[in-house]
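Following: one structure in structure tokens, then a few remarks.
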Amino acid sequence: MEEESMAMTINTIVLQITEVASKEIAAQVITAITPHVANLFQITESMKTNVEGLEQLQTSETLNPTLLTMEVTMDRVEDTTDVVLSSIDNIKGIISMLTPSTLPRNQLKN
């Protein structure tokens, strides 16, 4: 009986420590990544604006057939921009995958 009581007490203490530690770790992780996530969203918006500008520039340049070099350059810029945007989407996916792991265990079960 005494061993059962001790085991229950230990389990209760472990659960309490785990819950407190999980909340604290989650709060610290969120605090640490919040500025990075905000920067990521700013970069994404800036990239969208840049892509729109590039598309407008490309459209205006394709109207003038004498500027083939510029068209090739724009194609390369567009390809590079697509790669950067894809990388940003990958980063967002990684962040969203990591975010649930910062929640306390009891919230993940619910």
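The values are calculated or read from the model by the stated rules, or taken from the named source; none is laboratory data. Quick caveat: nothing in here was measured; it's all calculated off a predicted structure. Note that each Cβ is placed from the backbone with ideal geometry, even for glycine, and that neighbours are counted across all protein chains shown. Remember, those area values only see protein heavy atoms, side chains included, never the ligands or the DNA or RNA. Shrake-Rupley method; radii C 1.70, N 1.55, O 1.52, S 1.80 Å.
What are the pairs, 6+ residues apart or on separate chains, where a residue within the range 67-94 that is under 30 Å from ILE33 (Cβ atoms) has its Cβ under 9 Å from a residue that is among the charged types (D, E, K, R)?
Close Cβ pairs satisfying both conditions: LEU85/LYS48.
Find the residue count for the range 17-58, including only residues that are over 15 Å from LYS92 (Cβ atoms), in contact (Cβ under 8 Å) with a residue 12 or more places away in the chain and either open to solvent by 100 Å² or more (accessible area, probe 1.4 Å) or among the polar types (S, T, N, Q) (or both).
6
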